[in-house]
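K.L.:
One structure is given below, represented as structure tokens, and several questions about it will come after.
We did not get these values from a lab; they are worked out from the coordinates using the rules stated. Just so we're clear, the structure is a prediction, and the values are computed from it rather than from any experiment. Every residue, glycine as well, gets a Cβ built from its backbone with ideal geometry; the counts of neighbours run over all protein chains shown.
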Amino acid sequence: MIGYVMVIYDYDIPEYDIWHMMIDESNQGHGYGSIALDLTIEYIKTKPFGTSDKVTLTCNMDNIHALNLYRNKGFKETGAMDEDEIELSLMLS
Ligand SMILES: CC(C)(COP(=O)(O)OP(=O)(O)OC[C@H]1O[C@@H](n2cnc3c(N)ncnc32)[C@H](O)[C@@H]1OP(=O)(O)O)[C@@H](O)C(=O)NCCC(=O)NCCS
């Protein structure tokens, strides 16, 4: 295994949340994170837990590598923050 990502469904909002996306350090920068995020979004599009077109995650404001990845996939900052974490969302269509 070289990576891990968790998909949560928040029934209260409702929305899909991506948690703990990570690729092993020795395998970073080879495109695996990008592929993993594409596959995760494709999985969420099947609506495995409920109907929502919203995908949300948070990322540390200093984590430029991850922020670039999320922004390149269309995630936009919502304006919400939790301490050093920026919230970003993607609307599926
Ligand atoms: C963030 C993470 C998941 C990205 O995985 P990865 O396999 O290294 O990423 P990829 O090689 O697929 O690169 C995807 C994008 O990240 C960005 N990126 C990659 N290497 C980068 C670098 N050295 N500096 C800045 N941005 C970089 C680029 O936008 C890249 O897109 P591009 O190939 O079109 O330029 C991985 O670095 C990681 O696990 N980091 C530690 C845990 C973490 O911070 N997780 C995110 C929590 S919010």
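K.L.:
On alpha-carbon atoms, Rg over Rh for the range 16-58 using Kirkwood Rh?
P.N.:
Values: Rg = 11.8 Å, Rh = 11.5 Å.
Reported Rg/Rh, Kirkwood definition of Rh: 1.03.
K.L.:
Separate question: Taking the Cα-to-Cβ direction at A80 and at Y9 and moving 7 Å from each Cα, how far apart do the two end points lie in nm?
P.N.:
Once both label points are built, they end up 1.9 nm from each other.
K.L.:
What does the convex hull of the alpha-carbon atoms of the chain project to on average, in nm²?
P.N.:
So the Cα hull casts an average projection of 6.2 nm².
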